[in-house]
Amino acid sequence: MTVGDYIDFAHGVVVDTVGRTIDLSAANPVPEADMYRVTFRSATGASWQVYVKPGESFVPMPDPTAFVSSVSGLAYEDVLATGFSVAAIDLGGTLDWEAVVALDGDDLNRLTELTDAFSVIQVE
């Protein structure tokens, strides 16, 4: 793969809003993906991200009630996740999941620099 090649989307991600999980195991596997980034979005524009190792399933969604109780001035609806996206991220073969999340290695603050290719799909 060369820089600029496209990688496939993680089609088939299952969101369980009652069980508060995202199941990546049902997704179309993206062979080039070294990691996934799940972005949770609220109707008011708030968002947060969770990085996931390939092959993981049932990623728990953050509990908005815990966040609302710790930040004054927010209502439950301000942080309730109503939309999701999943990015498949290819690190170009130079790093893997363990190297990126290791405390003594390359880390997430250099993710943009380390990324070779990615794709993002909106999940409904």
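The values are calculated or read from the model by the stated rules, or taken from the named source; none is laboratory data. Computed from a prediction, not measured in an experiment: that's the story for all the values here. Here the Cβ positions follow ideal geometry from the backbone for every residue, glycine too, while neighbour counts run over all protein chains shown.
Scanning segment 109-124 for residues that are of a type in the set (Asp, Glu) and at pLDDT below 80 returns a single hit, Glu124. Counting only residues that are surrounded by 14 or more Cβ atoms within 10 Å (Cβ to Cβ) and in a loop (DSSP other than H, G, I, E, B), segment 12-24 holds 4 of them. The residue that is farthest from Leu111 (Cα to Cα), among those in segment 84-98 that are of a type in the set (A, V, I, L, M) and part of a strand (DSSP E or B), is Val86. For segment 74-98, filtering for residues that are farther than 18 Å from Gly55 by Cβ and either surrounded by fewer than 16 Cβ atoms within 10 Å (Cβ to Cβ) or at pLDDT 80 or above (or both) leaves 9. Considering segment 25-42, the residues that are part of a strand (DSSP E or B) and polar (S, T, N, Q) include one that is nearest to Glu56 (Cα to Cα), namely Thr39.
In segment 27-58, the qualifying residues are those that are among the small types (Gly, Ala, Ser) and surrounded by 19 or more Cβ atoms within 10 Å (Cβ to Cβ), and the one that is nearest to Asn109 (Cα to Cα) is Ala33.
Is it the case that some residue within segment 58-68 is modelled with pLDDT of 70 or more and among the hydroxyl-bearing types (Ser, Thr, Tyr)? No. Applying the set (1) surrounded by fewer than 12 Cβ atoms within 10 Å (Cβ to Cβ); (2) at pLDDT below 80 to Tyr6 leaves exactly one unmet item: (2). Do we have Gly55 as closer than 24 Å to Leu114 by Cα and at pLDDT below 80 here? Yes: the conditions hold for Gly55.
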